[in-house]
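Only one structure is covered here, and it is reproduced in the block below.
The values are calculated or read from the model by the stated rules, or taken from the named source; none is laboratory data. Bear in mind the structure is a predicted one, so any value in this text is a computation, not a measurement. Here the Cβ positions follow ideal geometry from the backbone for every residue, glycine too, while neighbour counts run over all protein chains shown.
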Amino acid sequence: MNRSQQWAWHLSLALLVVAASIFILRGKIGFGPFAAQAAAPVTTYYYGTNGSLLVAAEQNLWPEEYGPYCAIATAMVVDNYLDLLTHHPLSFTRQAQQLSIGTANQTQGASQWGNATPLDVAGGIINIAPDKGIDPRGAAYIQHRYAPNPYSFHNYIYRWEFHHTTEPSYHQQAMEATTALFRGWLAHSDPMSVIVNGGEHSIIVSGGWSSDDISKVFPANIQGIVVRDPQFATAISRFEVSQDQWTNHGANFGVGYYTLWSRYYGAQVNQSVNRDDPEPTVGIYVPTTANPHHWYHGFSWVRRDDTTGTAASPDWAYTDDGTQMTTP
Amino acid sequence: MSHRHQAPRPRISPLGRFARGIVHNASFIVLAFAIAAVALAVGSLAGTAPSGSAAPAPGTAGWVALRGQSPYEIIAAAQHSPLFHVKRTGTGDYLHDLSRLGTPTLVRGVSGPHLAAMSDYYIIPVLDHAGNAVGAVVAALNPSHTAVQVQSIDTYTTPHPLGSIARMTQTQAATLATKHKGVAIAENVPRLVYFAVDQHALDAGTLTWTGGGILPDDPIWQFSSGGGSGYVVGADDKVMPTTALPFAP
């Protein structure tokens, strides 16, 4: 055996050891096809509400009244859920109370910056945008106003600029926003009122599954999102929606209108601007040249948090990672 | 003068020469194999994200080819959905038992006059111990009906008796059709449909609709009529021409 043959044998041995180590490592630390085969089906973890409590909280309140009452209908369920958690009598017991809240909104609940005009039959003066319904600030206000304790609720907003210097794919943005939404359940396992369909509609997102530790992985892999929709409550009480439908397609009914988080707040199905749900026209969140978007090109939801003092006011919007917003 | 004796070289067959070549170059052959093994290992690492951060490519996930149109084959395809493999124990807000599935039912999409064709669906009832449908697996079909994609797993607000997916039985619908439109219509074999509702008008409150048929797992019965688009029987017992449904503009 000459020297070159010896050299080849030694190098072969070293490389085979390296290759074997990599394959063994993949199996042990749990990623790659080997682990997937061993672990199929994927282990998932549920995040979210207690189903029985939520059914009790929703009792007799839905379906949604005819008109833009979705944000009110969802807020009533959120507050009733907190009643049940804290052993208070239910704040709401009748569907018609959706209309009562809409009436109250005409005269109570303006922001510290005033209200947008014209007024809407459901939103009244609680809106900071001339919304044909209730805007996210108004939704946070309702939940705060009727909660059994002085809990703080805020509009949380995901926009890609909060996390990246260059814009990632739409799908990644939607997955990051969904992960941020799920992270709300790490603090409070409450139902959350989520604005979908480009801003046109509000639903309850009550839970979901992830195969990841959502506190660490961003975006997490999410297998499903559990949704309750006041508009369809007569026939269907709950939708367990696949991730693909939630972020890529929306449900295939309503002719592409029911898109969930398959389009940004403020976008119509054809990607033109949604005039029903405009940006704020009063207050510090009115878009400027330097900050052209507040809700648009992002995703919005309302959740309970633990802020106190002046920061607890529902006027404030927060970024998805919990920073109080002082500009659009 | 001496002559170094040279023994005659043995004659080696071509096969023997080949074998000798193999032995002589074995070290290099093994080296090539080792390099390939490392490349394979490293390549598979690079192509495999940690489970959990690997999101499916937009628009491609979830379609599963149907091996046939039998109930077994439809259910088997639908069960590939991740929604069938999530944790369903505990107290969360979801259907806790998907072990009893009923016969898949085809529901046709009826688009409005200005719209492209809507997806058809297989709706698979989720049954309780008594055989009532407590929910439904909503599986969209591709245009050629060769693949399904589970869109959602829904829970009915009120369980449907006998595993049905429509709120009204075919017999009830036929009775209403007879009453309103005559026996000729009702004698046709109806089909279950959902339609492209004007969702924007629903959100705005400018449309009042209680007849069902908006969702594929809340379908209504459609009876054909000679040459026309037929009649539908709504969940609110109203019978109307299909063209009178509140379609999206």
Worksheet item: Could you list, in sequence order, the residues of the range A:284-304 that are free of Cβ contacts under 8 Å to residues at least 40 places away in the same chain and within 16 Å of residue A:151 (Cβ to Cβ)?
Response: none
Practice prompt. Can you tell me which residue among A:97, A:143, A:112 is touching a helix residue (DSSP H, G or I) at 6+ places or on another chain (Cβ under 9 Å) and surrounded by fewer than 23 Cβ atoms within 10 Å (Cβ to Cβ)?
Written response: A:97
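For the subset of the range B:95-116 comprising residues that are touching a residue at least 60 places away in the same chain (Cβ under 8 Å), in a loop (DSSP other than H, G, I, E, B) and within 13 Å of another protein chain (Cβ to nearest Cβ), which member is nearest to residue B:155 (Cα to Cα)? Outline the logic, then answer.
Step one: list which residues in the range B:95-116 are touching a residue at least 60 places away in the same chain (Cβ under 8 Å), which gives B:95, B:102-103, B:105-115.
Pick out the ones that are also in a loop (DSSP other than H, G, I, E, B) and you get B:95, B:102-103, B:111-115.
In the following step, the residues that additionally are within 13 Å of another protein chain (Cβ to nearest Cβ) were identified as B:95, B:111-115.
Numbers: B:95: 7, B:111: 25, B:112: 27, B:113: 31, B:114: 31, B:115: 29 Å.
So, considering only residues that are touching a residue at least 60 places away in the same chain (Cβ under 8 Å), in a loop (DSSP other than H, G, I, E, B) and within 13 Å of another protein chain (Cβ to nearest Cβ), the one nearest to residue B:155 (Cα to Cα) is B:95.
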Item to complete: Could you tell me which numbered condition residue B:140 fails, if it satisfies all but one of (1) more than 8 Å from chain A (Cβ to nearest Cβ); (2) among the aliphatic types (A, V, I, L, M); (3) assigned to a strand (DSSP E or B); (4) out of contact with any Gly (no Cβ under 6 Å at 6 or more places or on another chain)?
Response: (1)
Worksheet item: Out of the range B:118-132, which residues are touching a Pro at 6+ places or on another chain (Cβ under 7 Å) and surrounded by fewer than 23 Cβ atoms within 10 Å (Cβ to Cβ)?
Response: B:128, B:132
Worksheet entry | residue B:119 vs. criteria modelled with pLDDT under 95, over 21 Å from residue B:157 (Cα atoms) and touching a strand residue (DSSP E or B) at 6+ places or on another chain (Cβ under 8 Å) | yes
Item to complete: Please specify each residue of the range B:185-244 satisfying the condition of being touching a Phe, Trp or Tyr at 6+ places or on another chain (Cβ under 8 Å) and of a type in the set (S, T, N, Q).
Response: B:188, B:199, B:208, B:222, B:225, B:242
Worksheet item: Is there any pair linking a residue in the range A:205-232 that is more than 8 Å from every other protein chain (Cβ to nearest Cβ) to one that is in a loop (DSSP other than H, G, I, E, B), with Cβ under 7 Å and at least six apart or on different chains, and which?
Response: A:214/A:220; A:230/A:62; A:230/A:63; A:230/A:64
Discussion item. Considering only residues that are assigned to a loop (DSSP other than H, G, I, E, B) and of a type in the set (Ser, Thr, Tyr), which ones fall in the range B:117-126?
Written reply: B:119
Item to complete: Name the one entry in B:136, B:177, B:140 that is touching a strand residue (DSSP E or B) at 6+ places or on another chain (Cβ under 6 Å) and more than 27 Å from residue A:224 (Cβ to Cβ).
Response: B:177
Discussion item. Between A:281, A:307, A:259, which is in contact with a helix residue (DSSP H, G or I) (Cβ under 7 Å, 6 or more places away or on another chain), in contact (Cβ under 8 Å) with a residue 40 or more places away in the chain and β-branched (Val, Ile, Thr)?
Written reply: A:259
Worksheet item: Restricting the search to the range B:60-85, which residues are surrounded by 16 or more Cβ atoms within 10 Å (Cβ to Cβ) and assigned to a strand (DSSP E or B)?
Response: B:63, B:64
Item to complete: Search the range A:254-289 for residues being within 14 Å of chain B (Cβ to nearest Cβ) and over 26 Å from residue A:172 (Cβ atoms), and hand back the single one that is modelled with the lowest pLDDT.
Response: A:255
Worksheet item: Taking residue B:157 and the conditions (1) under 25 Å from the mean Cα position of the chain (by Cα); (2) outside any strand (DSSP E or B), which numbered condition does it fall short on, given that it satisfies the others?
Response: (2)
